[in-house]
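First comes the structure, then the notes that go with it.
The values are calculated or read from the model by the stated rules, or taken from the named source; none is laboratory data. Here the structure is a predicted model, which means the values were calculated and not measured. Cβ placement follows ideal geometry from the backbone for every residue including glycine, while neighbour counts extend to all protein chains displayed. All accessible areas refer to the heavy atoms of the entire protein, side chains included, with ligands and DNA or RNA removed. Shrake-Rupley method; radii C 1.70, N 1.55, O 1.52, S 1.80 Å.
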Amino acid sequence: MRRFWLLLGDIAILYGALWLTLVIRYGQGPLYDYNLALHWWPFTIIFALWVIIFYTSNVYDINFTKNNLALFTAYFYSTMVVVFLAITGFYL
């Protein structure tokens with residue numbers, strides 16, 4: 001159950017960050033809905049990859065989520081993989 005809440009919290013933070021970025025960049029003007037729809041699906045794919053890679057790296061494992069070097073190493077390498085995939089997906 002705790003793993004589910006960690007996962008749900010990450011998804012909420014990812015979409016909240018997307019929303020906040022779009023509000024700061026474009027504001028709440030007449031094109032806001034268009035910009036949200038334009039960015040929704042590409043970022044949903046990236047967010048799904050993010051969650052899958054974190055899940056396979058045991059970042060959501062309760063026994064693994066102690067403040068130790070193994071957690072930070074897994075988090076760092078997982079983040080680097082996701083950043084590489086996101087850059088590759090957006091720019092190729």
Cα long-axis angle, helix 32-56 against the chain (0 to 90 degrees, to the nearest 10): 10
In the chain, the chymotrypsin sites (Phe, Trp or Tyr not before Pro) that sit in a DSSP loop and have at most 15 other Cβ atoms within 10 Å of their own Cβ are PHE64
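In percent, what relative contact order does the chain have, based on Cα pairs under 8 Å that are 6 or more apart in sequence? Before the final figure, lay out each step's value.
Working: 38 pairs, mean separation 25.9, N = 92.
Relative CO of the chain lands at 28 percent.
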Relative to the longest principal Cα axis of the chain, at what angle does helix 69-91 sit, 0 to 90 degrees, rounded to 10? 30
Could you please state, rounded to a whole Å, how far the C-alpha centre of segment 1-70 is from the C-alpha centre of segment 71-92? 13
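Given Cα positions, please report Rg to Rh for the chain, the hydrodynamic radius being the Kirkwood one. Intermediate values should be presented prior to the final figure.
Numbers: Rg = 15.2 Å, Rh = 14.6 Å.
Across the chain, the Cα-based Rg/Rh ratio is 1.04.
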Descending Cα extents along the principal axes, segment 46-92, whole Å: 37, 17, 11
Mind pulling the angle between the C-alpha long axis of helix 2-26 and the longest principal axis of the chain? Nearest 10 degrees, somewhere in 0 to 90. 30
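Given a 1.4 Å probe, how much area per residue of the chain is accessible, in Å²? Mind showing how you got there, number by number?
Details: 6790 Å² over 92 residues.
I get 74 Å² per residue for this part.
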If you roll a 1.4 angstrom probe over the protein chains with everything in place, what fraction of the accessible area of the chain belongs to carbon and sulfur, to the nearest %? 73
